[in-house]
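Take a look at the structure set out below.
The values are calculated or read from the model by the stated rules, or taken from the named source; none is laboratory data. On a predicted model such as this, the values are computed, not experimentally measured, just so you know. Cβ atoms come from the backbone with ideal geometry, glycine included; neighbour counts cover every protein chain shown.
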Amino acid sequence: MKATQRLAWHYIRQWLFISIALLLSVVIAFSWIVDRTMALNMNRSFANHGFDNLVDSISITNGQLQWDEQLMQQVKVSGGWLQIADSSGAVLHEFFVPDDVPKKYKAGELASYMHQKVPFPYDVYAYLRPIGDYEIMLIYGEKSEEEHLLDSWIEDSEQAKEILKSASAWVQLVNAEGDELESWNKPKGVESGISPYELVLRAIYENHYGERVAFEYNPNSGETWIVRMPYSPSEAEPYVMMSGMRLHSEMEIWMVGIGAVVLSMLLLFVIMAWWESSRIGRPLAHFMRWAEAMSNHQYEEPRNLSGKYPSLNRKGRLKLNYRIYSDVWQALRTLSGRLQQSESDREQHERLREQWLTGLTHDLKTPLASIIGYAHLLNANQYDWSEAERMEFSMLIQQKAERMDELIQDLNLTYQLKSNALPMDRVETEMNDWLSSIVHELLPVPADAEAKIIFNPSPQSIMLNIDVRYFVRAIENVCMNAWIHNESGTTVTVFIEQNEAGTTILFMDDGRGMDEHAQQNLFQRYYRGTSTDTTDQGSGLGMAITKQLIEAHEGEVSVQSQIGKGTTIRFYFPRN
């Protein structure tokens, strides 16, 4: 998988994780908002919002009634009381019950209290619940603060004024038409009258109007006493807790919930940004330092302060945050190795070139010195040379000049091959007959009269598309290299064979062989297997030219050798 694909999957996983995290935070926040809103509503009116939940939580285990203790505490918070009675009206359990509440209900008594057929100081709610073989009744009663204030006002208005004032409540008496007859502690700006429609709205939607309402209607006079008060500025105002903070309204709950989602999103983005910089940014910064180091010829991967590679763990494996760029890391390591090898090869090439120039200078200077010396001898007036001596001097001058010409041609040819500027005139040639004639023309060798060559042709006809001039040069270079650098009488055996893959020409000698260093540098330009003092044969370019000529024919050259067992040079031409 490429780095682009890994990055794509990385970002897909990342945004999928962010989406899931944000979705979970929204779900959690919404669940919390719903839970706190229900708790707030239960605090305001447990009978309307919490009674059903409490009923559903009651069960019987091993003959014992079980209930939700947290919901039971909501009964106390809401200012109510609770009784659990059996089907006969006997109270089995009671919670927060005032002294004026019966412990056993007579037939018709509880129903009369519920439907307000009989005066009772509390609003009563009952729920019948069959549990297994048992039938139980849950009786919930409550009396709101505003109703207590209204009762106090009707009983003794003078004594109740201080209580109403401390609760920021005010009292209003209206007639049957809703016109105000009298009021006490009424805030400024409040209309005098109130219609039946508005009174019903205020009684039902207390939270919307921001005040509580209690009223008592007198059917004889048609008048109505009304107590109106805020949700309560006192500590008794319904609220829910959130990390030590009191929330008194749905708006506050929503603000806290939405704020928590926003903060969680910001925190998540900060964490993801830091993590992204660690996972994506650090490897990129490391690669940039590495590239900068390579531009300064420092090819090894940069190390950290502890001397270790930042990209590898203790086991020497690529770290997790680097694996996304594994192909980039591998490419940099390959590039680093190649640049380092190239630098080493360049330095070695320079050394060989300097050595070759030194040797070439020596090789050119030696025949040139001979030419100059013989020329001076021929031109010297104090000597009377015979015609035979003059002919000998001329022949020596010609041989030395030809040697210099060979060196210059080799140098020119190798640079033509390097720049692909060598003109090629290739023709289809039958190699068995052609090789047989060429290899035997190499003998005798002037420097080694005992040199031998053997040709083993292929039983089948082999055709190759070659440039005859340059192919002969390649063969001459290989054979002459074997005779020059081995003992006198060395035999070179030439084989040619062909199969479905291609054609192979082998040159096998029985000489002293080559070591590993010589094999590695045999086809390098400027490399000479002997010093310039050993022999004046060879320019250090012969085998490099051979390699270039064979590659110009779309072939390959290789060498195999072992000290004391001779050397094999292989030409291989794969089928097109």
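Number of residues in region 265-289 that are small (G, A, S) and more than 17 Å from Q14 (Cβ to Cβ) equals 1.
Does region 400-416 contain at least one residue that is aliphatic (A, V, I, L, M), free of Cβ contacts under 8 Å to residues at least 12 places away in the same chain and not in a loop (DSSP other than H, G, I, E, B)?
yes
Considering region 307-342, the residues that are charged (D, E, K, R) and not in a helix (DSSP H, G or I) include one that is surrounded by the most Cβ atoms within 10 Å (Cβ to Cβ), namely K319.
Among the candidates E145, E162, E177, E198, the residue that is touching a strand residue (DSSP E or B) at 6+ places or on another chain (Cβ under 8 Å) and acidic (D, E) is uniquely E145.
Considering each of I454, I438, I484 in turn, give the residue that is of a type outside the set (S, T, Y), under 21 Å from V559 (Cα atoms) and either loosely packed, with under 14 Cβ neighbours inside 10 Å or modelled with pLDDT of 90 or more (or both).
I454
Condition check ((1) among the charged types (D, E, K, R); (2) outside any loop (DSSP other than H, G, I, E, B); (3) under 60 Å from the mean Cα position of the chain (by Cα)) across all residues:
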| residue | (1), (2), (3) |
| --- | --- |
| K186 | yes, no, no |
| Y197 | no, yes, no |
| H208 | no, yes, yes |
| R212 | yes, yes, yes |
| E216 | yes, yes, no |
| G222 | no, no, no |
| W225 | no, yes, no |
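Given the conditions (1) within 30 Å of Q520 (Cβ to Cβ); (2) at pLDDT 80 or above; (3) of a type in the set (F, W, Y), which single one is not true for W356? Status for W356: all satisfied but (2). If you scan region 487-530, which residues turn out to be surrounded by fewer than 21 Cβ atoms within 10 Å (Cβ to Cβ), outside any loop (DSSP other than H, G, I, E, B) and not β-branched (V, I, T)? Matches in region 487-530: F495, E497, Q498, G502, L506, M508, E516, H517, A518, Q519, Q520, N521.
Quick grid of which residues meet (1) without any contact (Cβ under 8 Å) to a residue 40 or more places away in the chain; (2) surrounded by 14 or more Cβ atoms within 10 Å (Cβ to Cβ); (3) within 21 Å of L7 (Cα to Cα); (4) of a type outside the set (G, A, S):
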| residue | (1), (2), (3), (4) |
| --- | --- |
| M255 | yes, no, no, yes |
| V262 | yes, no, no, yes |
| L268 | no, yes, yes, yes |
| R282 | yes, yes, yes, yes |
| M288 | yes, no, yes, yes |
| H297 | no, no, no, yes |
| L305 | yes, no, no, yes |
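Figure legend. Inter-residue proximity from region 464-490: first residues at positive phi, second residues at pLDDT 90 or above and crowded, with 18+ Cβ neighbours inside 10 Å, beta-carbon distance below 8 Å, spacing 6+ or different chains. Indicated pairs: G489/A451. None of A167, A214 is touching a residue at least 40 places away in the same chain (Cβ under 8 Å), touching a strand residue (DSSP E or B) at 6+ places or on another chain (Cβ under 7 Å) and closer than 22 Å to M114 by Cα except A214. Taking the conditions (1) touching a residue at least 40 places away in the same chain (Cβ under 8 Å); (2) within 26 Å of D35 (Cβ to Cβ); (3) within 60 Å of the chain's Cα centre (by Cα) in turn, I60 satisfies each one other than (2). Looking only at region 138-164, residues that are in a helix (DSSP H, G or I), more than 23 Å from V75 (Cβ to Cβ) and either touching a Pro at 6+ places or on another chain (Cβ under 9 Å) or without any contact (Cβ under 8 Å) to a residue 40 or more places away in the chain (or both) come to 9 in all. Reported count of residues in region 279-304, each being in a loop (DSSP other than H, G, I, E, B), over 25 Å from S344 (Cβ atoms) and touching a helix residue (DSSP H, G or I) at 6+ places or on another chain (Cβ under 7 Å), is 0. Taking residues in region 315-342 that are farther than 14 Å from G281 by Cα and modelled with pLDDT of 80 or more, and partners anywhere that are part of a loop (DSSP other than H, G, I, E, B) and of a type in the set (F, W, Y), the pairs with Cβ atoms closer than 7 Å and at least 6 places apart or on different chains are S336/Y299; L339/Y299; Q340/Y299.
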